[in-house]
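Okay, structure first, notes after.
The values are calculated or read from the model by the stated rules, or taken from the named source; none is laboratory data. It should be emphasised that the depicted structure is a prediction, and the values quoted were computed from it without experimental measurement. Virtual Cβ from ideal backbone geometry, glycine too; neighbours counted across all protein chains shown. For the accessible areas, the whole protein counts, side chains as well, though only heavy atoms, and no ligand, DNA or RNA atoms are used. Shrake-Rupley method; radii C 1.70, N 1.55, O 1.52, S 1.80 Å.
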Amino acid sequence: MSAPADTMGRTAVRRGPRPVWAVLGRGELRRLLLHPVLLGCLAFMVVVFGIDGGAGPRDAYLMTTGGLSFLLGPFTFFAANLLASRDRRHGAEEWLSSLPAARDRRTGALLLACAGPAAVSLVFALVLWAWYAAADSLVRAPSVLEVSSGALVVLGGGLLGVMVARWAPWPGAAALVMVGLVAFHLRVAERAQLLGAYVEFPRWGATPTEWAGVIDGSRAWHVGYLAGLCAMAAIGALLVDVRRKRRLFLVGVVVTACTVLAGWAQLP
């Protein structure tokens, strides 16, 4: 029997099955976006913006660049960590080990789901960009690299949350990591703000809302630096369960070296 043909006379080709991590990733994406921690953060951000929507030039520039990641990044970290550690907390790890989907595939699905909050952050920033531009609150249009950097911080927060859940599956580990990140940021921000996870691109003026220009440094290298950190977190999470650890470890070494170079090159 001949293969079925479409209306254009071409032979129809049946698509093969999608990868397991992609199928699982769709479910994990839904769970992450609907996680109470993340929904609470988004609701809080909407309320704050509704109350203080008429921001000055500096705050308008801040919110359209990295300001959203100040809250959404840490909350995505905790939401992804809770999602990745739910099997251990519910005592279902032994039962899940008998399923056809190996744990490294489930980890890949969780990493894929982290793109959801990052996309939400990017859309939110673009909406604010249009809002402030219409209100003539932006004295300078933010660059695409500056806007996208906030979404990369949110993505990195989720990936790091999964990595911590895989390497340190103990109660309180995520909180300790977050405390360490905050301490590192406060220490680094005094000398090189671009090396921190959260960056305020506008400079401080005489008042907190006064426009005083933007900080120096390469935006392109900064995006590369953030992308490298995201890749390092994803590789670190996968290293726990993959079979061929040596190959992935070597990739991680190369990515880490490139990230360090990008971190150095971004500085003014």
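Rounded to the nearest 0.05, what FRET efficiency is calculated for TRP170 and ARG31 with R0 set to 30 Å and r the Cβ-Cβ distance?
0.85
Counting only protein heavy atoms and a 1.4 Å probe, tell me what percentage of the stretch 132-268's accessible area is made up of carbon and sulfur.
Carbon plus sulfur share of accessible area: 69 percent.
Note down the nm distance, to one decimal, between modelled labels 7 Å out along Cα→Cβ at LEU250 and at ASP136.
Simple spin-label model gives 6.1 nm for this pair.
Given a Förster distance of 35 angstrom, what is the FRET efficiency for THR207 paired with VAL123, based on the Cβ-Cβ distance and rounded to 0.05?
Result of the calculation: an efficiency of 0.70.
Around VAL214, which amide H atoms from residues at least 5 apart in sequence, or from another chain, sit under 5 Å from its own amide H, with H modelled in the peptide plane?
Close amide H contacts, sequence-distant or interchain: ARG203.
Quick one: accessible area per residue over the stretch 139-268, 1.4 Å probe, rounded to a whole number of Å²?
54 Å²
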